[in-house]
Every structure is written in C-alpha cells, then in structure tokens.
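Structure record follows, encoded as structure tokens.
Since every read-out is calculated from the coordinates, none of them should be taken as a lab result. Keep in mind the model is a prediction, meaning the values are calculated, not measured. Backbone-built Cβ (ideal geometry, glycine too); neighbour counts: all protein chains shown.
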Amino acid sequence: MRCPACGSENIEGVDHCEECGTALAGLEVEDSVIERHICQTAVSELHPPSPLCIGPDATVAQAIELMVQHHVGSLLVTQDGRLVGILSERDILYKVDPPDGLDRPVQEIMTPRPEAVTADDPIAVALQQMDIGGYRHLPVVNDQGAPIGIVSVRDVQRYLCEQVGKLKLV
C-alpha cells in the first residue's frame with residue numbers, strides 16, 4: 001500500500017507508514033480516479049478558512065459569544081501562538097451546566113492536543129483522521145504547530161462535489 005502522505009510503498013495491512021508514521025489503518029486505496037485524486041491532492045486545495053482562535057483562560061461564555069457571532073461550530077484554542085486544543089459545540093453541550101458553567105475557563109472543557117494536518121498533507125489523510133476520530137473539524141497547522149486554517153467535513157464534501165464534474169470517471 002502506498003502512503004498517501006509521503007508516497008512510500010508499505011506492506012499491505014500495516015497500521016502506520018514505516019517512512020513517515022502516517023496512520024494507514026482503515027485506509028484502502030482503490031484504483032479509482034477519485035481516490036487517487038484525494039490521495040494526491042493537498043489539504044491546501046480545500047482553501048481552509050483562517051481559524052477563529054481563543055485563549056485557554058477565556059470563559060465558556062466568551063467562547064459561545066464568539067461562535068455565535070461568527071456562525072461557527074468550533075474554535076481553536078491557542079497559547080503562545082501554538083494549538084493546544086479545540087472547543088466544539090459538542091464540548092459545550094456535553095460538559096457545561098449553565099449558568100454556573102459559563103464562567104469556567106475554556107481549557108477545562110476543550111479537547112486537548114487535537115489531531116491536526118498540515119496544508120501539504122493529502123486530503124485522504126484529513127478524511128481518514130476525521131473518520132476514525134469522529135471529528136467534524138480538523139485544524140490545519142504549520143511546521144511550528146501554529147494554526148493556519150481549519151477544515152470541516154462540509155469543506156471536503158463541497159470540494160468533492162466540485163471535482164466530480166471535472167474528473168474523468170471512466
């Protein structure tokens with residue numbers, strides 16, 4: 001099996017690429033045009049929007065206000081410019097008891113050390129991480145771990161719908 005991240009050939013059935021460590025479990029690359037396309041196209045082609053970020057000491061109420069104001073379902077939590085967590089609508093719904101819980105700091109309910117991709121990672125890697133983890137949002141980070149974007153399932157879906165008309169499927 002060829003690794004979608006680095007292109008190295010791996011033994012069929014291995015869980016991680018022996019060259020770069022990318023998770024390969026559950027990723028079966030068929031010989032179809034669409035699958036080859038998402039394995040060869042970088043996340044940057046999704047044009048991930050700039051992420052909305054908040055500090056870990058901000059309150060849940062402040063986070064909710066920012067999410068409502070910008071009509072988003074998640075915020076990236078940063079400290080000293082680096083990604084330290086992600087806060088989603090689910091985190092708020094399942095972990096906060098209003099009204100007292102609204103004064104809690106975001107760091108108490110965020111998902112720490114979230115999975116992330118780089119702009120150069122193949123779309124297939126982002127899809128695999130979303131699928132395995134059950135994520136709807138995935139941070140895009142640079143080499144220093146600073147968030148530069150965020151990809152949603154909807155972004156990938158929109159991109160694939162646009163590409164299907166352009167790809168020769170036969």
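In segment 8-26, the count of residues that are over 17 Å from residue 118 (Cα atoms), in contact with a helix residue (DSSP H, G or I) (Cβ under 7 Å, 6 or more places away or on another chain) and in a helix (DSSP H, G or I) is zero. Summed over segment 39-65, the residues that are more than 15 Å from the chain's Cα centre (by Cα) and in a helix (DSSP H, G or I) give a count of 8. Taking residues in segment 151-163 that are without any contact (Cβ under 8 Å) to a residue 24 or more places away in the chain, and partners anywhere that are assigned to a helix (DSSP H, G or I) and surrounded by 11 or more Cβ atoms within 10 Å (Cβ to Cβ), the pairs with Cβ atoms closer than 7 Å and at least 6 places apart or on different chains are 153/130.
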